[in-house]
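Just below is one structure, and these are the notes that go with it.
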Amino acid sequence: MAEYRGNDILAEYFIKEKVPYILGYAGHGAIGLLDGIYDRTDKIKVIWPRIEQAAGFMATPISG
């Protein structure tokens, strides 16, 4: 039987909900999810900020 992990479930859910991008900052807390996304980069793209401050700025919601 094939192994189906939690990160695979999350990645498939993002694709099902038509999420086009995720912000990825590699670290021990996120590496599992990024592994699940890696095999599906044809359907969902990862934007890689180079520094933590940029990642925080990118994740800030825009208010009108």
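Details
- Matching option when the condition is open to solvent by 40 Å² or more (accessible area, probe 1.4 Å) and out of contact with any Asp or Glu (no Cβ under 8 Å at 6 or more places or on another chain), among G24, G56: G56
- Some residue of region 38-53 being open to solvent by 70 Å² or more (accessible area, probe 1.4 Å), in contact with a Gly (Cβ under 9 Å, 6 or more places away or on another chain) and among the aromatic types (F, W, Y): yes
The values are calculated or read from the model by the stated rules, or taken from the named source; none is laboratory data. Worth saying up front: this structure is predicted, and the values here are computed from it rather than measured. Methodologically, a virtual Cβ is constructed for each residue, glycine included, from the backbone with ideal geometry; neighbour enumeration extends over all protein chains shown. The protein model used for the area step is the full one, side chains on, heavy atoms only, and it has no ligands, DNA or RNA in it. Shrake-Rupley method; radii C 1.70, N 1.55, O 1.52, S 1.80 Å.
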